[in-house]
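The values are calculated or read from the model by the stated rules, or taken from the named source; none is laboratory data. Bear in mind the structure is a predicted one, so any value in this text is a computation, not a measurement. Methodologically, a virtual Cβ is constructed for each residue, glycine included, from the backbone with ideal geometry; neighbour enumeration extends over all protein chains shown. Note: areas computed on protein heavy atoms with side chains; ligands, DNA, RNA excluded. Shrake-Rupley method; radii C 1.70, N 1.55, O 1.52, S 1.80 Å.
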Amino acid sequence: MAYRFKPKSLTSLCWINPRYWKLSKEEVAQFLGVSPEQVRKATCLQHQVSISWVTDAGNVCCSFFSYRLFGRWEKAVLDLIAGWQDFKTWHRLLSAIEYEFLRFDYPTEMADWIWENLKDRDAEFIDKQRQQDCPNDSADA
């Protein structure tokens, strides 16, 4: 019986491991729209970031945020797409990212940029596969 890939999140597949990230106070402050001095702590957990900060009124707030809201996540996904080498397993990455987009809220610009990069990389794989299947066609072009 053939193995069938079951889509999961990029973190569940361990293709991106943000829990090892060290988010700077500057990154967190930019995300929150506060000054870096107001950021108390950012703790990277397996599936989200716990952030505590001081509001302009002096109150301490703590909340959990998805990694998918940070620019670092976008870079990690784009690096994953660009670095994928195996055409035979390419469908796994496509399925995982489709799963991500269905399951998690992504900022629109980030989702669009990831999708564009995914389509470009897919076209590269298709061209490479065509060249392997029909090596004489590339010489005629």
Original post:
In Å², what does the accessible area per residue of the chain work out to with a 1.4 Å probe?
Top reply: 66 Å²
Original post:
Roughly how many nanometres apart are two label points built 7 Å out from the Cα toward the Cβ at Ala82 and Ser9?
Top reply: 2.5 nm
**OP:** Any chance you could give the angle, 0 to 90 degrees and rounded to 10, that helix 71-83 forms with the longest Cα principal axis of the chain?
**Re:** 20 degrees
Subject >> Shape metrics for the chain, restricted to C-alpha atoms - Rg then Dmax, Å >> reply: 19.5, 70
Subject >> Fully extended contour minus Cα-Cα distance, from Arg130 to His91, at 0.36 nm per residue >> reply: 12.4 nm
Subject >> Distant-in-sequence amide H partners of Arg40 (H built 1.01 Å from N, under 5 Å) >> reply: Ser52, Trp53, Val54
**OP:** Before anything else, pin down the relative contact order of the chain: Cα pairs under 8 Å, at least 6 apart, normalised by residue count, whole percent.
**Re:** 19 percent
**OP:** Summarise the accessible area of segment 1-102 (1.4 Å probe, protein heavy atoms) by the percent that is carbon and sulfur.
**Re:** 53 percent
Original post:
What is the helix-to-structure angle for 90-103, meaning the angle in degrees between its Cα long axis and the longest Cα principal axis of the chain, kept from 0 to 90 and rounded to the nearest 10?
Top reply: 40 degrees
**OP:** Please work out the ratio of the alpha-carbon Rg of segment 27-71 to 2.2 N^0.38 Å and round it to two decimals.
**Re:** 1.08
